[in-house]
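Comments concern the structure below.
Every read-out reported here was derived from the displayed coordinates using simple, explicitly stated rules and does not represent laboratory data. Since we're looking at a predicted model, the values are computed, not measured. Neighbour counts are summed over all protein chains in view; Cβ atoms, including those assigned to glycine, are modelled from backbone coordinates with ideal geometry.
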Amino acid sequence: MTQSIKLEDPRLFRQHAYIDGKWTYGDGGRDEAVTDPATGAVLGHIPLLEADQIRGAVDAAEAAFVHWRALRADERCERLLAWYDLLQAHREDLATIMTLEQGKPMPDARGEVEYGASFVRWFAEEGKRTFGETIPSHIPNAALGTLKEPVGIAALITPWNFPLAMITRKAAAALAAGCTVIVKPANETPFSALALAELAERAGIPAGVFNVVLGDPPEVSKILCAEERVKALSFTGSTRVGRLLLEQSAHTVKRVSLELGGNAPFIVGPDMDPKEAALAAVAAKFQTAGQDCLAANRILVHESIHDAFVEHFAERMAALTVGNGMQSEVDLGPLIHGQAVEKAASIVDDALSRGATLVAGDQNQAPGPNFFMPVLLTGVTPQMQVWREENFAPVAGVTAYADDDQVIEMANDTEYGLAAYVYTHDIRRIWKLLRALEFGMVSVNSVKMTGPPVPFGGVKQSGLGREGGITGIDEYLETKYYCLGAL
Ligand code: NAD
C-alpha cells in the first residue's frame, strides 16, 4: 500500500539523493522503501547510491568549498537567513513530512521545525563573529595572532528521531563557518533531509555546498570516514555506531564530533511538591514517545514523597493519548519500527523478572503494531536493563533514594553522561548536585534546556564535542597561528 502525501508545495517531497545541485538516482538501480511507522504504508523510495557516487559527492563538496569559503561572512549569512525564512514559510509541509516518516505528533513536528530553523538563524549571525585573536608578543618586534578558517568538507551523519533539527544544528554551524557538507540522514527518515536540500537550493546556497547522500549506512559511512578530503565528521546516533565511526576516522585523523546516547537521571528532592515534579517528569519522559536522547530514563525520587509522586505520575500518564501523529489530540506517536517495540517489551520483561512492579501500561490497548503504550515501573534497580540501557521507549522506571549522597552515586552509575534533571528548591542541594553530576548538561527545575545559544553535548560514552552556542561553530573551524616578524 502506498500512501499519498498531500503538501501545499509537492516539490518538497523528493525521492532522490542531492549531489552538486542535482537530484540523483542510484547508478546500480538499488532502492529502499520508506514507510510510515504509524500505518506501515509505503511513503516512497530512496535510491541506494554506489561508492563512486558517494565519492562524487566529495568531489562536488571539494569544488564548492573553494567558492563558499571565499564568500564574505555576511554573504553566507544572507543565504542562511534566506534558508531560515523558507523553513519557516514551509513549516507545515516540513512538519507533515516529518510526522509521516518519523511518527511524532504534528505539534511536536512543528516544534522541531521551529527548533531546527532557530539554529540556522543563530549560526547565520554567529558566522560573522568567528574572530581570531591578537596575542601579546614574546618575540621582539613581532605581531602574533590567530585566524579562524573553515576546516573543509564536513560529513554529517544523523539519526531518525529528530530528522530535521539534527541536520540543521550541524549544517548551519558548518555552512556559517565556510565549510561544505555531505549529509547522510537515517534511511528511516530521509525525506526531511531532502526537503531541507530543496529549500537550501531555493535559498541560493550554491551547488555542491549542501549535499544529501543515501545508501547502505555502513557502506556510505565507511567511504566518508576513509576519505582524506573529508576533514570533519559530525555524528549523532547511538554510542555503538559512534565508536565504530571514530575508529574508521582514525586513519585520516579527522576532526570528529559525536552526539551519542543518553541515560538521563531525573532527580526529585524531598522538598518538591510531588504533583509538580510528576508533571515535569512525564513531560521529560514521553517526548517523541521516549525516543529522545534527553528522555528521563531513570526517575530517582526521595523516599519521603515517592508514593505520592508515583500516584500523580500514573494519573498524568493515563491521560496521554497514543495514536497516529497525523491525528489531533495525540500525545505519543508510534515507535520507529517493530524492533523498537520488541526491545521495549523485553526491557519491561527483564525489569519484571528482576522484581520491578508494573504500575501501569497495558500493551493490549496499543492502537497498532508499532505502538507501545506508556509503562510505569517502580522498584527499578541498577541490575535491570531499564536502568543500564537507554530504553528509547515510553518506559518510565522509578527508584526511591534516601539522601543526596546516595542519589549522586545512583545518577552517575551509568556509562552515559549526556543530560541530567534536578528538581529541588534547596540551593545547597542544587549546587551540590550540579557539581557532582557527571553529565554534559544539567537542567534544574526545567524540562526545556536546549536551544541555539547553549552548548549541547555529553561526557563519558555520550560523546565528544558540543553543538550549539559559540562552541558549536568551533567544531568546524581551524585555528591558524601567525607570527609576523620584523625582517
Ligand atoms: P544509529 O546509531 O543506529 O544511527 C545513526 C546514524 O548512523 C543513521 O544515519 C544510520 O543510518 C547510521 N548508521 C547505522 N548503523 C550504521 C553503521 N553500522 N555504520 C555506519 N552508520 C550507521 O542511531 P539511531 O537509532 O538512528 O538514533 C538513536 C540514537 O541516537 C540514540 O542512541 C540517541 O540517544 C542518539 N541521539 C543522540 C542525540 C544527541 O544529541 N546526543 C540526539 C538524538 C539522538
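Under the condition of being within 11 Å of residue 268 (Cα to Cα) and in contact with a helix residue (DSSP H, G or I) (Cβ under 7 Å, 6 or more places away or on another chain), the residues counted in the stretch 430-450 number 1.
When residues in the stretch 316-336 are screened for being in a helix (DSSP H, G or I) and in contact with a Lys or Arg (Cβ under 9 Å, 6 or more places away or on another chain), 2 of them pass. Helices (runs of 4 or more DSSP H) fully within the stretch 185-260 that include at least 2 residues being surrounded by 24 or more Cβ atoms within 10 Å (Cβ to Cβ) and more than 15 Å from the ligand (Cβ to nearest atom): 190-202. Scanning the stretch 399-410 finds no residues that are over 27 Å from residue 307 (Cβ atoms), aromatic (Phe, Trp, Tyr) and touching a residue at least 60 places away in the same chain (Cβ under 8 Å).
Looking only at the stretch 150-164, filter to residues that are over 16 Å from the mean Cα position of the chain (by Cα) and assigned to a strand (DSSP E or B); which one of those is nearest to residue 191 (Cα to Cα)? In this case the residue turns out to be 154.
Restricting to helices (runs of 4 or more DSSP H) lying wholly in the stretch 349-438: which have 2 or more residues that are surrounded by 22 or more Cβ atoms within 10 Å (Cβ to Cβ)? In the stretch 349-438, 385-388, 404-412 are the helices (runs of 4 or more DSSP H) which contain 2 or more residues that are surrounded by 22 or more Cβ atoms within 10 Å (Cβ to Cβ).
Could you tell me which residue of the stretch 293-316 is farthest from the ligand (Cβ to nearest atom), considering only residues that are surrounded by fewer than 21 Cβ atoms within 10 Å (Cβ to Cβ) and more than 16 Å from residue 359 (Cβ to Cβ)? Filtering first and then ranking leaves 304. Test residue 465 against the stated conditions and say whether it is surrounded by fewer than 22 Cβ atoms within 10 Å (Cβ to Cβ), under 18 Å from the mean Cα position of the chain (by Cα) and not hydroxyl-bearing (Ser, Thr, Tyr). It is true that residue 465 is surrounded by fewer than 22 Cβ atoms within 10 Å (Cβ to Cβ), under 18 Å from the mean Cα position of the chain (by Cα) and not hydroxyl-bearing (Ser, Thr, Tyr). Residue count for the stretch 116-149, restricted to those that are part of a helix (DSSP H, G or I) and in contact with a Phe, Trp or Tyr (Cβ under 6 Å, 6 or more places away or on another chain): 3. Restricting to the stretch 448-487, name every residue that is within 16 Å of the ligand (Cβ to nearest atom) and more than 29 Å from residue 255 (Cα to Cα). The answer is 448, and nothing else.
Within the stretch 142-152, not a single residue is free of Cβ contacts under 8 Å to residues at least 60 places away in the same chain and either crowded, with 23+ Cβ neighbours inside 10 Å or away from the ligand (no atom under 16 Å from the Cβ) (or both). In this structure, is residue 320 more than 16 Å from the ligand (Cβ to nearest atom), in contact (Cβ under 8 Å) with a residue 24 or more places away in the chain, surrounded by fewer than 21 Cβ atoms within 10 Å (Cβ to Cβ) and within 26 Å of the chain's Cα centre (by Cα)? So residue 320 fits the description; yes. The residues of the stretch 189-210 that are in contact with a helix residue (DSSP H, G or I) (Cβ under 7 Å, 6 or more places away or on another chain) and closer than 22 Å to residue 5 by Cα, listed by number, are 189, 191, 192, 193, 195, 196, 198, 199, 200, 202. Residue-level check: of (1) within 14 Å of the ligand (Cβ to nearest atom); (2) crowded, with 22+ Cβ neighbours inside 10 Å; (3) of a type outside the set (Asp, Glu), residue 265 misses just (1).
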